[in-house]
Amino acid sequence: MSEVKISAATRTEFGKGAARRIRREDKVPGVLYGHGSDPLHLTLPGHDLQMALRTPNVLIALDIDGKTNELAIPKAVQRDPLKGFLEHVDLQLVTRGEQVNVDIFVHTEGELAPGGNLLEHVLNALPVEAEATHIPESVTVSIEGLTAGDSILAKDITLPKGTTLAVEGDTVVLQVLAAQAEEAAEGEETGGEEAAEA
């Protein structure tokens, strides 16, 4: 997992007005917390942060005011619901070798068995525990040949070395649903049309 270096500055202005001023300068207000220390309020470069956040669970090496260096992972990202720009970011302080709990995306590969069944993602992201500098971006699960009624549990998923589950092994992650509901609805529509014609 690569580190992304970002220069940040501590901020002393708070409130909506201050946040708007920061965003007008293409910067993002944020807060760094963890390890029992007081939250540190920061201003981060908007473009650099946007690029970094394209990588899930990215490890950010913060250069704060050119004086201190800290490692952090994003824990909460607020975006404008309409325009999508970053409004605020919460960063969690981490150290090398520290185990952290994160959610990693679950990707699927392969095709379900024929029959028009539906795949339901019960969990879009899998809670895991991993070393802070070796957080996997995602896991890939094969759904090849699965049929209605089949499911994949958390314990069935092969995790990268050094990563462990942070949920019960019997937690359902993916399940295959029969497509009966759609067929029944189509049958009712056809029946209704036939009755109308009669």
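The values are calculated or read from the model by the stated rules, or taken from the named source; none is laboratory data. Fair warning: this is a prediction, and the values are worked out from it, not measured in the lab. Here the Cβ positions follow ideal geometry from the backbone for every residue, glycine too, while neighbour counts run over all protein chains shown. Just so you know, the surface numbers come from the protein's heavy atoms only, side chains and all, with ligands and any DNA or RNA stripped out. Shrake-Rupley method; radii C 1.70, N 1.55, O 1.52, S 1.80 Å.
Applying the selection to region 1-50, what residues are basic (Lys, Arg) and either in contact (Cβ under 8 Å) with a residue 40 or more places away in the chain or within 19 Å of Leu93 (Cβ to Cβ) (or both)?
Of everything in region 1-50, those that are basic (Lys, Arg) and either in contact (Cβ under 8 Å) with a residue 40 or more places away in the chain or within 19 Å of Leu93 (Cβ to Cβ) (or both) turn out to be Lys5, Arg11, Arg23.
Which strands (runs of 3 or more DSSP E) sit wholly inside region 1-120 and have at least 3 residues that are among the charged types (D, E, K, R) and open to solvent by 60 Å² or more (accessible area, probe 1.4 Å)? Don't jump to the end; show me each part of the working.
Working: elements: 3-10, 27-34, 37-45, 59-64, 68-79, 86-94, 99-109.
Those strands (runs of 3 or more DSSP E) span 68-79.
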